[in-house]
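Encoded as structure tokens, the structure appears first; notes follow it.
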Amino acid sequence: MALSKFGFIVTGPQLDPAQHRSVMQSTAFEMISVGVSSPSEGIAVAQQMVSEGVQLIELCGGFGPAWTARVQEAIRHRVPVGSVSYGPESIDGMHELFKG
């Protein structure tokens with residue numbers, strides 16, 4: 001089975017999953033992206049995505065390994081869940097973005 005439905009969950013201040021949702025779609029592929037204010041909100045969003053037929057979920061780097069594991073457990077590992085990570089070359093830039 002080819003990947004045809006992908007979900008991405010991003011964290012950001014004041015993002016509401018009921019409002020901040022977009023769909024990018026072609027005849028062969030659909031990507032659903034949803035914004036949440038905190039990683040804890042990502043659990044319900046991931047569960048909804050799985051119920052909607054999403055085959056693969058990616059989480060933004062704000063989830064980190066602990067919340068990524070919680071999302072995986074919450075959906076009972078029914079689909080693969082990955083997360084964005086940043087290498088050491090990005091540390092200074094990440095610090096600048098999130099220092100205050």
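Among the conditions (1) open to solvent by less than 100 Å² (accessible area, probe 1.4 Å); (2) not in a strand (DSSP E or B), the only one that ASP92 does not satisfy is (1). Per this entry, ARG78 is counted among residues that are touching a residue at least 24 places away in the same chain (Cβ under 8 Å) and basic (Lys, Arg).
Do we find that VAL81 is open to solvent by less than 70 Å² (accessible area, probe 1.4 Å) and out of contact with any Ser or Thr (no Cβ under 9 Å at 6 or more places or on another chain) in this structure?
Numbers: open to solvent by less than 70 Å² (accessible area, probe 1.4 Å): yes; out of contact with any Ser or Thr (no Cβ under 9 Å at 6 or more places or on another chain): no.
Considered against the rule, which asks whether it is open to solvent by less than 70 Å² (accessible area, probe 1.4 Å) and out of contact with any Ser or Thr (no Cβ under 9 Å at 6 or more places or on another chain), VAL81 comes out as no.
The set of residues in region 56-77 being surrounded by fewer than 17 Cβ atoms within 10 Å (Cβ to Cβ), outside any helix (DSSP H, G or I) and touching a Pro at 6+ places or on another chain (Cβ under 9 Å) consists of LEU56 alone. In region 4-38, the residue that is most open to solvent (accessible area, probe 1.4 Å) out of those that are part of a loop (DSSP other than H, G, I, E, B) and in contact (Cβ under 8 Å) with a residue 24 or more places away in the chain is PRO13. Pairs under 6 Å by beta carbon, first residue of a type outside the set (A, V, I, L, M) in region 54-72, partner in a helix (DSSP H, G or I) and crowded, with 18+ Cβ neighbours inside 10 Å, six or more apart or different chains? Between residues of region 54-72 that are of a type outside the set (A, V, I, L, M) and residues that are in a helix (DSSP H, G or I) and crowded, with 18+ Cβ neighbours inside 10 Å, the close pairs are PHE63/PRO39; TRP67/PRO39. The residues of region 39-55 that are more than 9 Å from the chain's Cα centre (by Cα) and either of a type in the set (A, V, I, L, M, F, W, C) or not in a helix (DSSP H, G or I) (or both), listed by number, are ILE43, ALA44, MET49, VAL50, GLU52, GLY53, VAL54, GLN55.
The values are calculated or read from the model by the stated rules, or taken from the named source; none is laboratory data. Computed from a predicted structure; not experimentally measured. Please note: Cβ atoms are built from the backbone with ideal geometry, for glycine as well, and neighbour counts cover all protein chains shown. With ligands, DNA and RNA removed, areas are computed over all heavy atoms of the protein, side chains included. Shrake-Rupley method; radii C 1.70, N 1.55, O 1.52, S 1.80 Å.
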